[in-house]
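Q: The structure follows.
The values are calculated or read from the model by the stated rules, or taken from the named source; none is laboratory data. Nothing here was measured: the structure is a model prediction, and the numbers come from that model. Neighbour counts are summed over all protein chains in view; Cβ atoms, including those assigned to glycine, are modelled from backbone coordinates with ideal geometry. Side chains are part of the model used for accessible areas, which takes the heavy atoms of the whole protein and leaves out ligands, DNA and RNA. Shrake-Rupley method; radii C 1.70, N 1.55, O 1.52, S 1.80 Å.
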Amino acid sequence: MSIASIQSDRLGANPFVVEGPIVSGSGIPGPNFSLGAVAGGDRESEWVYCQLVLAAQTTLQPGQWFQWTRDYVASLLTTAAAVVGQRCGVFSGAAQPPTLTGGPVGAITLAPGTYYVWLQRNGQAPALVATATAALVTAETTTTAGQASAPASATATTKAIANVNFAAANQTFTATTVNGSNLLTSLSGLNAGSGPFIGAAVSGTGISGGTTIAGITYSQSGVVQSITLSANATANGTGITITATGVLEATLMRPFLSKVN
């Protein structure tokens, strides 16, 4: 049974703000919404308001997978901890409160404590994926916290994630590189809503192995202006083809853990 506990002409939830840490008696209000509250956005997106209790310092990255209980207590998804029947979704990113590190639609590092987060369960979203092959409609858990996999066929002993598929195994776009600079500019062939996403591994001429996307800047109208890499380019280049993998565009349709493979 659902009970209306808030009334507003506009919910006003910002899915990219992490609330906390909430300390009893500190005077910091929390939670600011009812657990299980839903906020909507474009591209059929929906977010669910959940509690997240961290025992150790943790970095949350866009695309990380979470599961949550019927009481809306969330935890990073792993095969060992996954509970068949629980709902799941992804962390879309975080804004930057003064005491935390991170950036808009970016990663965020949190100290131990109790937090409240908006987790995406519907629409187009970043998804942290270890393997992506074949039809991109098989999704399953992995042993790595927050990471899923999309193999050609189900892997024995993993937990199946129902109601999710992926746009492609990688994304390509073109950019200009400058030797000694970690910025990709003059971008072409990408869409802000479809990625690439922070944390994705990138490769291309003049890009060192192991380089990832560390930041993305946008214009006020939402156009991607530049991409910050985790390492400097080693050559000058114009119209260089860049391939991004590891954080893929997913279509979420209220996914849940459906069975043990």
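Q: What residue, of 256, 197, is within 18 Å of the chain's Cα centre (by Cα), open to solvent by 30 Å² or more (accessible area, probe 1.4 Å) and of a type in the set (Phe, Trp, Tyr)?
A: Working: 197 fails: open to solvent by 30 Å² or more (accessible area, probe 1.4 Å).
Among 256, 197, only 256 is within 18 Å of the chain's Cα centre (by Cα), open to solvent by 30 Å² or more (accessible area, probe 1.4 Å) and of a type in the set (Phe, Trp, Tyr).
Q: Right, here's the next one. What tally of residues in the stretch 217-253 results from selecting those that are open to solvent by less than 70 Å² (accessible area, probe 1.4 Å) and touching a helix residue (DSSP H, G or I) at 6+ places or on another chain (Cβ under 8 Å)?
A: Residues meeting the conditions: 3.
Q: For residue 156, only one of the following conditions fails: (1) surrounded by 15 or more Cβ atoms within 10 Å (Cβ to Cβ); (2) at pLDDT 90 or above; (3) out of contact with any Pro (no Cβ under 7 Å at 6 or more places or on another chain). What is its number?
A: (1)
Q: Looking only at residues that are crowded, with 17+ Cβ neighbours inside 10 Å and within 22 Å of the chain's Cα centre (by Cα) in the stretch 171-182, which one is nearest to residue 238 (Cα to Cα)?
A: 173
Q: Which of the residues belonging to the stretch 154-182 are outside any strand (DSSP E or B), closer than 20 Å to residue 80 by Cα and hydrophobic (A, V, I, L, M, F, W, C)?
A: Residues of the stretch 154-182 that are outside any strand (DSSP E or B), as a first pass: 154-158, 167-170, 178-182.
Next, only the ones that are closer than 20 Å to residue 80 by Cα stay: 154-158.
The answer is 154, 156.
Q: If you scan the stretch 38-79, which residues turn out to be of a type in the set (Gly, Ala, Ser), open to solvent by 20 Å² or more (accessible area, probe 1.4 Å), more than 16 Å from the chain's Cα centre (by Cα) and farther than 20 Å from residue 23 by Cα? Write out each step before concluding.
A: Here is the first cut: in the stretch 38-79, the ones of a type in the set (Gly, Ala, Ser) are 39-41, 45, 55-56, 63, 74-75.
Remaining after also requiring open to solvent by 20 Å² or more (accessible area, probe 1.4 Å): 40-41, 55-56, 75.
Subset that is more than 16 Å from the chain's Cα centre (by Cα): 40, 55-56.
Residue satisfying the conditions is 40 alone.
Q: Consider residue 133 against the criteria (1) exposed (fewer than 14 other Cβ atoms within 10 Å of the Cβ); (2) of a type outside the set (D, E, K, R); (3) touching a Phe, Trp or Tyr at 6+ places or on another chain (Cβ under 8 Å): it satisfies all of them except one. Which criterion is unmet?
A: For residue 133, the exception is condition (3).
Q: Within the stretch 159-190, count every residue that is out of contact with any strand residue (DSSP E or B) (no Cβ under 6 Å at 6 or more places or on another chain) and at pLDDT 90 or above. Outline the logic, then answer.
A: First, the residues of the stretch 159-190 that are out of contact with any strand residue (DSSP E or B) (no Cβ under 6 Å at 6 or more places or on another chain): 168, 178-181.
When the remaining residues are screened for being at pLDDT 90 or above, the result is 178-181.
Residues that pass the stated criteria total 4.
Q: Quick check on my filter: what residues within the stretch 141-153 are buried (at least 16 other Cβ atoms within 10 Å of the Cβ), modelled with pLDDT under 95 and in a loop (DSSP other than H, G, I, E, B)?
A: Answer for the stretch 141-153, where residues must be buried (at least 16 other Cβ atoms within 10 Å of the Cβ), modelled with pLDDT under 95 and in a loop (DSSP other than H, G, I, E, B): just 151.
Q: To continue, here is another question. Quick check on my filter: what residues within the stretch 183-194 are under 24 Å from the mean Cα position of the chain (by Cα) and assigned to a strand (DSSP E or B)?
A: 183, 184, 185, 187, 188, 191
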